[in-house]
Each structure stands twice: as C-alpha cells, then as structure tokens.
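Worksheet: one structure, shown below.
The values are calculated or read from the model by the stated rules, or taken from the named source; none is laboratory data. Keep in mind the model is a prediction, meaning the values are calculated, not measured. Cβ: placed from backbone, ideal geometry, glycine included. Neighbour counts: every protein chain shown.
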Amino acid sequence: MRQAIRYAIRILGAVVLLCVTAVVLFVGHGVYTTNAEIPSRAEIARVAETCISDRTTCPVVSSELPDGVLNAFVADQAVLFKDCQLCLSLPLPTGMSDAVARILLAQDTRYVHWHAAFALTHIKVEWVLSKRDIATWYLNTAWFGKEATGLTAASAFYFRKTPSQLSVEEAATLAALLRSPIFLFKDHGRLVERRNMILSKMVAQGYLGPQLGRTLASKPLKFAL
C-alpha cells in the first residue's frame, strides 16, 4: 500500500513538473516572439519624433497648453508626471502610455500573445519617451467621438475653440468623454457626473482649490454644437 502511494506521489509530481515546464515554455515563447515583432525603442523614438515635430499631424504640444487644460487629462489617469514643472510631485497618466502602446500595436493585429506584446511596448514607451512627449502624442491621437480625433479637432467640434481657449471645466468634459465617447455624448447626465469626478480628482491632486472645484462642478454642460 505504501509503495503504491509513493508511486502515485511520484507520478503526480512528474505531472505537475511537466505542467509548470509547459507554462514556462509557452510564456517564454510568447515573450520571445512578441518582442521580435513589437517596435524597437529606436522605432518608437523615430515615430514619436516624426509625429511631435510635425505641427500639421500634431498641432497640440503639451508644454504649450494652459496648466488647467493639461491637468484635466493628467488628473484622470494618475502616476508621476515628472516633467510637469508645476506638479513635480503630482500624478502622471499611465493611461496615456497605454494609449500610445495601443496605437503602436494597432498597426499590426497578428499578435498571438497580444498582452505580452502590449506590456513590453508599454515598458519601451515609458523608457524611450519623456512624459511630455507621451502626453503630446496621446492628446493628438485620442478619439473623442464623432469625427474628432485629437484635442484640436475635439475642441473645435464640441466648443468651437482652440485647445488653449478651453476653460478648465470644458477640458474636464473632453477628458471625461474619452472613457466612452459615444455613450457619454448621448447621456449628458453621466457625462456631467464623470466631468465632476475629474474635477474632484484635480482638487484631490492639488491642481484646483476646493472652492473653485465646487464652483466649476456646479456649471451646466454647454456644447457649441
């Protein structure tokens, strides 16, 4: 009986070892193959430089935006925004890096191990690009609904303004739209709730004073459509 139990334990151990080995090989193969397919750091830097230096393609430069406008987008996706001169200890948007990584991967949808490719691309984006460049790329490529791709088009479509002319609550409204442009544009009540949540984040992160935050949150939603 004891010999049979020992034999069974050995078989079970061998099966577990084989399963672990198979998982390690599968994950390793996925990382290896996707790493060969995703953009290199040099390619990421080249594509970013091409976009950011072309004011036709990328008319919005994050460093040229009023702080209130930029901070509305930063506050909604917080990790350290190290390049922001006025918010050195305040949060930076990992969501912006996510979006840039998705843009790079969207050029080719053949990835079998997409999540591994996405994770590696995200790391490379954070490694190669400054936070300011990530924000610039993101704000020029984000889809705000309708035919509004990029902050310039969104500002003109929804408010008949340039990005620099946006008020803080208008910038917060556009930042809110990014979560679900089609659904939120149809449901203005939910959109105002989401806008006010972003304004609350801006207060919590030190971008706005509490009184100003409450004042802006009380304003009605007004599109210039």
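Looking across the stretch 134-145, the residues that are touching a helix residue (DSSP H, G or I) at 6+ places or on another chain (Cβ under 6 Å) and either without any contact (Cβ under 8 Å) to a residue 12 or more places away in the chain or of a type outside the set (A, V, I, L, M, F, W, C) (or both) come down to THR136, TYR138, THR141, GLY145. Once the stretch 143-178 is narrowed to residues that are under 16 Å from ASN71 (Cα atoms) and either of a type in the set (Asp, Glu) or assigned to a loop (DSSP other than H, G, I, E, B) (or both), the residue that is modelled with the lowest pLDDT is LEU178. I'd like the full set of residues that are surrounded by fewer than 20 Cβ atoms within 10 Å (Cβ to Cβ), modelled with pLDDT under 50 and either closer than 19 Å to LEU177 by Cα or over 14 Å from the mean Cα position of the chain (by Cα) (or both), limited to the stretch 60-92. Correct list: LYS82, ASP83, GLN85, LEU86, LEU88, SER89, LEU90. Annotation note: Cβ proximity below 8 Å between a residue of the stretch 93-119 that is under 20 Å from ASP133 (Cβ atoms) and modelled with pLDDT of 70 or more and a residue that is exposed (fewer than 15 other Cβ atoms within 10 Å of the Cβ) and among the aliphatic types (A, V, I, L, M) (sequence gap 6+ or interchain) occurs for no pair. Could you tell me whether any residue of the stretch 196-217 is under 25 Å from ASP67 (Cα atoms), crowded, with 21+ Cβ neighbours inside 10 Å and basic (Lys, Arg)? Scanning the stretch 196-217 turns up at least one residue that is under 25 Å from ASP67 (Cα atoms), crowded, with 21+ Cβ neighbours inside 10 Å and basic (Lys, Arg). Take SER167 and decide whether it is over 19 Å from the mean Cα position of the chain (by Cα), farther than 21 Å from VAL61 by Cα and not acidic (Asp, Glu). For SER167, the condition - over 19 Å from the mean Cα position of the chain (by Cα), farther than 21 Å from VAL61 by Cα and not acidic (Asp, Glu) - is not met. Somewhere in the stretch 205-212, is a residue part of a helix (DSSP H, G or I) and touching a residue at least 60 places away in the same chain (Cβ under 8 Å)? Checked the stretch 205-212: no residue is part of a helix (DSSP H, G or I) and touching a residue at least 60 places away in the same chain (Cβ under 8 Å). Determine whether the stretch 138-151 contains at least one residue that is touching a Lys or Arg at 6+ places or on another chain (Cβ under 9 Å), under 26 Å from LEU104 (Cβ atoms), assigned by TED's automatic domain parsing to the domain that holds LEU70 and of a type in the set (S, T, N, Q). No, because not a single residue in the stretch 138-151 is touching a Lys or Arg at 6+ places or on another chain (Cβ under 9 Å), under 26 Å from LEU104 (Cβ atoms), assigned by TED's automatic domain parsing to the domain that holds LEU70 and of a type in the set (S, T, N, Q).
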